[in-house]
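Step one of this worksheet: look at the structure below.
The values are calculated or read from the model by the stated rules, or taken from the named source; none is laboratory data. All of these numbers come straight from a predicted model, not from anything done at the bench. Every residue, glycine among them, receives a Cβ derived from its backbone with ideal geometry; neighbour counts consider all protein chains shown.
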Amino acid sequence: MKTDHDHADPLQPHSHEPNPAPPSEDPTFQFVSVNGRSRPIAVMDLQRLPEVSISDCYIVSTGHGTSGPFTFTGATLLAVVEAFCHDPWSEVEVVSADGFGNRIYASELHKPDPAGPILLAYAMDGQPLTRTQGLVRLIVPSERDDALRQVKWVGEVRVVGGGKRP
Ligand SMILES: Nc1nc2c(c(=O)[nH]1)N[C@H]1C(S)=C(S)[C@@H](COP(=O)(O)O)O[C@H]1N2
Ligand SMILES: [Mo]
C-alpha cells in the first residue's frame, strides 16, 4: 500500500534516525539564493531579524519517545528568505550536513499553521542551542510525524525559484 512517505524526494525522507552525532560544531550555514549565489549566515545575522518564540513545541519520535514541551526562539524562515533573497521563489530546501533535510513550500510560510510559524531556531527555553541540540534547527511547530521536519544542524538553506508548485 502506498503511504505519504512513498516518494522519491530525499527531502521528505521515509526513514527516520535521531542521529545523535552532530556533523559540525559551527552554527553558520550557507544561504543559496535562487540565482545560485551563496552566502554564509551566522547566528548573529539571525538575531538581527525579529525574534520569535514559540511555546509548546514537541519533538515527536517513535524511536525514543516525545520530548518537550520546549519554547524555541529564532527567526522565521520567511523573514530569513525575504531578507536574503530578492527574486521570486516558491520553495525552500533546508538541509543538514548529514544529508537530512526538508522541503518547505512558500504557501506554508505565507499562511502559517495555527501551531506557529516555521522557525530557524537558535535558542531553546532561553538558552542557545548546543551542538547536541542542533545549533541552528528548523522548527516546524505543526509537525507530529516522527520529527521528520525538525532538521538539526542546518547546513544549507536553498531557495528554489518561482514556477515550481507543490
Ligand atoms: N540533521 C538531522 N536532523 C534530524 C535528524 C537527523 O538524522 N539529522 N533526525 C530527525 C529525527 S527522525 C528525530 S526523531 C529528531 C530527534 O531530535 P532530538 O535529538 O532533539 O530528540 O531529529 C530530527 N532531525
Ligand atoms: Mo524520528
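In the set (1) at pLDDT 95 or above; (2) surrounded by 23 or more Cβ atoms within 10 Å (Cβ to Cβ); (3) within 11 Å of ligand 1 (Cβ to nearest atom), the condition left unmet by VAL157 is number (3). For the stretch 5-18, the count of residues that are more than 16 Å from ligand 1 (Cβ to nearest atom), closer than 16 Å to GLY134 by Cβ and touching a residue at least 12 places away in the same chain (Cβ under 8 Å) is zero. Within the stretch 18-41, the set of residues being within 11 Å of ARG158 (Cβ to Cβ), outside any loop (DSSP other than H, G, I, E, B) and not hydrophobic (A, V, I, L, M, F, W, C) comprises GLN30, SER38.
Within the stretch 49-81, if we keep just the residues that are modelled with pLDDT of 95 or more and assigned to a loop (DSSP other than H, G, I, E, B), the residue that is surrounded by the most Cβ atoms within 10 Å (Cβ to Cβ) turns out to be LEU49. Checking each residue in the stretch 54-95 for being within 16 Å of ligand 2 (Cβ to nearest atom) and out of contact with any strand residue (DSSP E or B) (no Cβ under 9 Å at 6 or more places or on another chain) picks out THR62, GLY63, HIS64, GLY65.
Every residue, every condition in (1) touching a helix residue (DSSP H, G or I) at 6+ places or on another chain (Cβ under 8 Å); (2) among the aliphatic types (A, V, I, L, M), yes or no:
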| position | (1), (2) |
| --- | --- |
| ARG37 | no, no |
| LEU49 | yes, yes |
| ILE59 | no, yes |
| PHE72 | no, no |
| ALA79 | no, yes |
| SER96 | no, no |
| ASN102 | no, no |
| ALA106 | no, yes |
| MET124 | no, yes |
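Only one of the numbered conditions (1) farther than 19 Å from TYR105 by Cβ; (2) away from ligand 1 (no atom under 16 Å from the Cβ); (3) out of contact with any Cys (no Cβ under 9 Å at 6 or more places or on another chain); (4) assigned to a loop (DSSP other than H, G, I, E, B) is not met by ASP87, and that is (1). Of all residues in the stretch 125-145, those satisfying the criterion of being within 17 Å of PRO13 (Cβ to Cβ) and out of contact with any strand residue (DSSP E or B) (no Cβ under 6 Å at 6 or more places or on another chain) are GLY134, VAL140, GLU143, ASP145.
If you go through the stretch 96-115 one residue at a time, do you hit one that is away from ligand 2 (no atom under 16 Å from the Cβ), assigned to a strand (DSSP E or B), modelled with pLDDT of 95 or more and charged (D, E, K, R)? The answer is yes, given that some residue of the stretch 96-115 is away from ligand 2 (no atom under 16 Å from the Cβ), assigned to a strand (DSSP E or B), modelled with pLDDT of 95 or more and charged (D, E, K, R).
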